[in-house]
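The values are calculated or read from the model by the stated rules, or taken from the named source; none is laboratory data. Just so it is clear, the structure is predicted and the values come from calculations on it, not from any experiment. Cβ: placed from backbone, ideal geometry, glycine included. Neighbour counts: every protein chain shown.
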Amino acid sequence: MAKTLYKTLPEAESARRRNITFDFNYEEINVPTSLKEFAKGKTYHIHTYGCQANYRDEEIMAGLLEKAGFCKGNSEKETDIIILNTCAVRENAEKKVFGKIGDLKSFKVNNKNAIVAICGCMVQQKHIIEHINKTYPHVDLIFGTHNIIDLLNLLDEVITKRLRIVDVKSLPGDIHENLPSVRQSNFKAFVNISYGCDKFCTYCIVPYTRGKERSRKMADILKECQELKDLGYKEVTLLGQNVNAYGKDFKDGSSFARLLDEVAKIGIPRVRFLTSHPWDFSSDMIDVIAKHKNIMKYIHLPVQSGNDEILRLMGRRYTSEQYLKLVNEIKTKIPDVALSTDIIVGFPNETYEQFLDTLKIVREVKYYSAFTFIYSPRNNTPAAKIKDNVTPKEKNRRFHELVKTLEEVIDPINQTLIGKTFPVLVESVSEKNSELLSGYTEHNKLVHFKGDKKLIGEIVNVKIKESHLYFLMGELVDG
Ligand code: SAH
Ligand code: SF4
Ligand code: F3S
């Protein structure tokens, strides 16, 4: 497929615009007749990278494809449609995808009529589209995060016109309801409550790839949660790049605290939410979390850095003192809370002393777990324009020092869990030992224990026997 049809291309400038209204669309999906015909007996395979937003997008794309008549394939090697659902948050995420696109060259040789499509955050960047078009002629379709709704029509066009198609809008984004979806689990689910992000942290690409921060209507979210409850789901995670800002765009007093309260009342055994920005974390939210037994006492509260100057340069809108004040309020009102975080080391020109402030805050907060990243410059973000004087070697060294400090904090916490019994939602058979089951505690600690496979999807009591840095070993407790 040599010829390319460019329908839309992303633009960094219009991606930055926020003063545009968006629509709520209650969809009825029409499958093009020719695609329905094409789909008969054919399979699809979606390969997802990145965060829960992409995970949920995969479920929607699967829903659309199955509505057209495609079935989920058993083997990636022999499928008729392969979609790479990509992430752009750090350079190594993009490298992985490029490696995979390269691998698909031989797939296409063996499956000449198969369709290779790339979507997700990575292709919301013009230079990435140009690179794919120049380097990987076996890619048939590139579509953006705002074009998922058009997937069936785009596929139909690729098939009937035999063209390569690029359709990547840089919109503030709409909200589409009533989309079909195929959930990947029948006991835990993600529910989007808002899309996009308006925070524009200076290092971050997400506001450009996902558009304006926009909330779903509360009634639509509650309806989805109720349906999940009726289907017997054990855990629901409310999703947004910054869940705390939920409802602010309605300007009618809607808030995340109110939404969370209503979701908890539905009675799903476990309610979680992701991610909280320290800036919008209200006292009302803390009260609601404290009040409901089924809201997990686990809060992911990215700090990014413990140094005020770095926080300012990152555009995070809080100081370390304000962050610690919030942590204290949370810990006072919710004594059994577990906090986790995201940390970036090696922001441009970060000094060693500034980095030490991050270690200090890690020791002070006593995180239960943390995701740690080395700063990665992202195209068109303000931080990427800063000339950086810290060498990659030094960033690496600091990264390892941070991981060591975290381990020194997490290990004693895990030790205190030995001998205690916790409810665990059983996820799967352990990847490393088929005789063990794996699941998560309320505090998101991974536990392995012996048990019958029939327990997958159930909440069981497990007594902790051994603690390791990144997992616990336990024993099933009767009743
Ligand atoms: N909206 C969420 C998640 C954003 S992406 C939040 O604000 O927490 C998840 C994490 O990736 C961020 O918290 C940050 O720690 C990290 N991250 C984002 N951009 C990055 C970059 N350019 N380099 C390194 N890490 C980055
Ligand atoms: Fe990125 Fe900041 Fe938005 Fe999180 S809050 S998605 S880090 S811009
Ligand atoms: Fe990655 Fe996009 Fe999520 S950049 S982290 S997949 S919002």
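Numbers below:
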| item | result |
| --- | --- |
| Qualifying positions in the range 137-180 - in contact with a Lys or Arg (Cβ under 8 Å, 6 or more places away or on another chain) and polar (S, T, N, Q) | Thr145, Asn147 |
| Meets criteria (of a type outside the set (S, T, N, Q), without any contact (Cβ under 8 Å) to a residue 24 or more places away in the chain and away from ligand 2 (no atom under 16 Å from the Cβ)) for Glu37 | yes |
| Condition broken by Gly69, with the remaining ones in (1) touching a Pro at 6+ places or on another chain (Cβ under 9 Å); (2) more than 13 Å from Ile149 (Cα to Cα) satisfied | (1) |
| Unmet requirement for His400, which otherwise passes all of (1) assigned by TED's automatic domain parsing to the domain that holds Thr202; (2) surrounded by 13 or more Cβ atoms within 10 Å (Cβ to Cβ) | (2) |
| Options Leu151, Leu171, Leu141; residue that is at pLDDT below 95 and hydrophobic (A, V, I, L, M, F, W, C) | Leu171 |
| Those residues of the range 303-343 which are surrounded by fewer than 15 Cβ atoms within 10 Å (Cβ to Cβ) and within 16 Å of ligand 3 (Cβ to nearest atom), in sequence order | Asp342 |
| Filter result for the condition that a residue is within 24 Å of Asn178 (Cα to Cα) and not assigned by TED's automatic domain parsing to the domain that holds Glu11, over Ile295, Ile286, Ile221 | Ile221 |
| Residue within the range 253-271 that is away from ligand 3 (no atom under 16 Å from the Cβ) and at pLDDT below 95 present | yes |
| Search result, residues across the range 87-116 that are more than 16 Å from ligand 3 (Cβ to nearest atom) and either closer than 24 Å to Gly211 by Cβ or crowded, with 16+ Cβ neighbours inside 10 Å (or both) | Ile101, Leu104, Phe107, Lys108, Asn111, Ala114, Ile115, Val116 |
| The range 149-161 residues that are under 22 Å from Ser181 (Cα atoms), paired with ones that are among the aromatic types (Phe, Trp, Tyr) and buried (at least 20 other Cβ atoms within 10 Å of the Cβ) (beta carbon under 9 Å, 6 or more apart) | Asp150/Phe143; Leu151/Phe143; Leu154/Phe143; Leu155/Phe38; Asp156/Phe38 |
| The listed residue being within 16 Å of ligand 3 (Cβ to nearest atom), touching a strand residue (DSSP E or B) at 6+ places or on another chain (Cβ under 7 Å) and modelled with pLDDT under 95, out of Glu177, Glu213 | Glu213 |
| Given (1) touching a Pro at 6+ places or on another chain (Cβ under 6 Å); (2) crowded, with 20+ Cβ neighbours inside 10 Å, index of the condition Ile386 fails | (2) |
| Residue among Thr145, Thr209, Thr202 that is within 16 Å of ligand 1 (Cβ to nearest atom), not small (Gly, Ala, Ser) and not assigned by TED's automatic domain parsing to the domain that holds Lys251 | Thr145 |
| Filtered residue count, the range 279-321, keeping only those that are away from ligand 2 (no atom under 11 Å from the Cβ), part of a loop (DSSP other than H, G, I, E, B) and out of contact with any Gly (no Cβ under 9 Å at 6 or more places or on another chain) | 13 |
| Options Asp198, Asp249: the member that is surrounded by fewer than 21 Cβ atoms within 10 Å (Cβ to Cβ), within 19 Å of the chain's Cα centre (by Cα), at pLDDT below 95 and of a type in the set (Asp, Glu) | Asp198 |
| Qualifying position, being farther than 18 Å from Ala338 by Cα, among the acidic types (Asp, Glu) and out of contact with any strand residue (DSSP E or B) (no Cβ under 7 Å at 6 or more places or on another chain), among Asp287, Asp252 | Asp252 |
| Residue within the range 461-475 that is assigned by TED's automatic domain parsing to the domain that holds Ala189 and in contact (Cβ under 8 Å) with a residue 60 or more places away in the chain present | no |
